[in-house]
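The values are calculated or read from the model by the stated rules, or taken from the named source; none is laboratory data. Fair warning: this is a prediction, and the values are worked out from it, not measured in the lab. Cβ placement follows ideal geometry from the backbone for every residue including glycine, while neighbour counts extend to all protein chains displayed. These accessible areas exclude ligands, DNA and RNA; they are computed on the full protein's heavy atoms, side chains included. Shrake-Rupley method; radii C 1.70, N 1.55, O 1.52, S 1.80 Å.
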Amino acid sequence: MFTWPLGKSKMLLRFTVENFMSFKERAELSLIPSKVRRHPEHVIKDESPNGINTLKTAVVYGANASGKSNLIKAMWHVQQMVVIGSRSGRKIPFHPYRLDEQFLTVPSRFEFEVKVGKNNYAYGFSADSNEIHEEWLYRIDKVKDKLIFERKLTKTDNEYKFGDISFESSNDELFLNFTAKGTPDNRLFLNECKERNVSRELSYLNEITDVTHWFENNLTIMFPDSKYTGLEMEIQNNQKTTDVFSKLLNSFDTGISELKLQEVNFETELVGVPEEIKQKIAEELEENTNLLLAAKNTRYQFCKKPTGEIKAYKLMTAHINDKGEETLFDLNQESDGTLRLLDIAPGLLEIFSRDKTYIIDEIDRSLHPDITTSIFKAFLSNTTQLKSQLIVTTHETNLLDQNIVRKDELWFVQKKSNGESSLYSLEEYQPRFDKDIRKGYLTGRFSGVPLIPNFENLSWMNVDG
């Protein structure tokens, strides 16, 4: 299997959110293990004296519209704010809890606790649609917290406080303070540091660099409609990657023997691509560069030659026919389940090979239950030497099995009668290890299941009377 350079190990410890979409009060998803003894191999141990151990996985259940996806959207929102940021003068995306008027003007609050190498960090912020109210970064362990920076909005300005940073020169200190003062009200200081290349200018300031790189390079979030857009490039540039990816798809009984890029005519053979899009590609595509495009479940790669000619390639799947010959299929001829695997499998290969946190909303979307279960079993049994994590939301009850996951890895989201989402762990219920968790969940013992009315009597649907 192909590998990436490991470098510093990077993991998620905990995430908290409040006043965001259906989450009114503080909700916490923790990957810090409890005293559960089963599956000790699921615990990534920190051998340092005050280190914090970490779990490899979390599985989040809940009824439709309970708030499972809102939890993942909150994580994605933070990642976008850190990596992409807000343009000066633009509104910040703001989605407060709307069923209580008092919360419509209260800032949303988010915090990630992450491990990077031997260090643990707590980074978070609170914000409304206009400005960042607070932002903070601490280095943490079991005993103490060390301030890196803190930002607070006052009536007149943003006030910054920096911890005990050993600057190499007074110019370095001035540069960091200048960056802070120049940070717009609607932009995170962490994002401003990224834009101003603080990690390059102050390379010894590891704390800010560590956390920024974690959000940018070690956190991958996939939603049901997310598309992995780098697959075409990997197929073109790395045959080993292609072989491993093809074997993975074949192991899930998709019938695919290989993935291939087939050259097609740019002018006449781009199915589902409007003429105005083709014209824009022709105008903006630079020489010796590549552009990727997805249209109606068909995926293309374009490159412009020095002669100005545009080469177009379509991603195809290869199947073996009854004569043992290879037959190519368009992606739109594959099942929804196969297309879903095409989107999530590249991330699976990464967490099988490097330290990374991979979050998938509705992992079971369009997948057979056995495939979802197999993904988890394969991940947990083959990555014991890696510090990678797999976090998912799902309805797939086959994972409610303590032979597969630990109690402290199972979570439930429940929507209360007032429309508010709450998040809690199975650990709070303390079921016996031999208890049928799946049956208990389906009968409502742990909540998180829909309250469906009795449809045997449909008299309430009569609109004529």
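What do you reckon, is Ile235 in a helix (DSSP H, G or I), among the aliphatic types (A, V, I, L, M) and at pLDDT below 85?
Yes: the conditions hold for Ile235.
Take Tyr160 and tell me if it is in contact with a helix residue (DSSP H, G or I) (Cβ under 6 Å, 6 or more places away or on another chain) and open to solvent by less than 20 Å² (accessible area, probe 1.4 Å). Outline the logic, then answer.
Working: in contact with a helix residue (DSSP H, G or I) (Cβ under 6 Å, 6 or more places away or on another chain): yes; open to solvent by less than 20 Å² (accessible area, probe 1.4 Å): no.
No: the conditions fail for Tyr160.
Table: residues versus (1) more than 23 Å from the chain's Cα centre (by Cα); (2) assigned to a loop (DSSP other than H, G, I, E, B); (3) at pLDDT 95 or above.
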position: Lys35; (1), (2), (3): yes, yes, no
position: Asn64; (1), (2), (3): no, yes, no
position: His77; (1), (2), (3): no, no, yes
position: Gln80; (1), (2), (3): no, no, yes
position: Arg90; (1), (2), (3): yes, yes, no
position: Phe94; (1), (2), (3): no, yes, yes
position: Glu111; (1), (2), (3): no, no, yes
position: Val114; (1), (2), (3): no, no, yes
position: Gly124; (1), (2), (3): no, no, yes
Just the residues that are in contact with a strand residue (DSSP E or B) (Cβ under 7 Å, 6 or more places away or on another chain), of a type in the set (Lys, Arg) and under 16 Å from Lys115 (Cα atoms), please, taken from the stretch 34-79. Lys56
Residue selected from the stretch 352-406 under the condition surrounded by 18 or more Cβ atoms within 10 Å (Cβ to Cβ) and acidic (Asp, Glu), by the criterion nearest to Glu41 (Cα to Cα): Asp355
Collect the residues in the stretch 74-103 that are touching a residue at least 60 places away in the same chain (Cβ under 8 Å), closer than 20 Å to Leu219 by Cα and open to solvent by 30 Å² or more (accessible area, probe 1.4 Å), keeping them in residue-number order. Trp76, Val83, Ile84
Between a first residue in the stretch 352-380 that is among the basic types (Lys, Arg) and a second residue that is assigned to a loop (DSSP other than H, G, I, E, B), which pairs have beta carbons less than 6 Å apart while being 6 or more apart in sequence or on different chains? Arg354/Trp4; Lys356/Ser388; Arg365/Pro224
Quick one: count up the residues across the stretch 180-230 that are hydroxyl-bearing (Ser, Thr, Tyr), in contact (Cβ under 8 Å) with a residue 24 or more places away in the chain and outside any helix (DSSP H, G or I). 6
If you go through the stretch 335-343 one residue at a time, do you hit one that is among the polar types (S, T, N, Q), outside any helix (DSSP H, G or I) and either open to solvent by 10 Å² or more (accessible area, probe 1.4 Å) or within 21 Å of Phe412 (Cα to Cα) (or both)? yes
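Go through the stretch 17-42 and give me each residue that's under 16 Å from Leu390 (Cα atoms) and crowded, with 18+ Cβ neighbours inside 10 Å.
If we filter the stretch 17-42 for residues that are under 16 Å from Leu390 (Cα atoms), which is where we start, we get 29-33, 39, 41-42.
Selection gives Leu29, Ser30, Leu31, Pro33, His39, His42.
For residues in the stretch 128-146 being modelled with pLDDT of 90 or more and assigned to a loop (DSSP other than H, G, I, E, B), which is most open to solvent (accessible area, probe 1.4 Å)? First the steps, then the outcome.
Step one: list which residues in the stretch 128-146 are modelled with pLDDT of 90 or more, which gives 128-140, 145-146.
Remaining after also requiring assigned to a loop (DSSP other than H, G, I, E, B): 128-131.
Numbers: Asp128: 24, Ser129: 34, Asn130: 80, Glu131: 54 Å².
Across the stretch 128-146, the extreme among qualifying residues is Asn130.
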For the stretch 45-54, indicate whether the set of residues that are β-branched (Val, Ile, Thr), more than 20 Å from Arg139 (Cα to Cα), in contact (Cβ under 8 Å) with a residue 40 or more places away in the chain and surrounded by 13 or more Cβ atoms within 10 Å (Cβ to Cβ) is non-empty. no
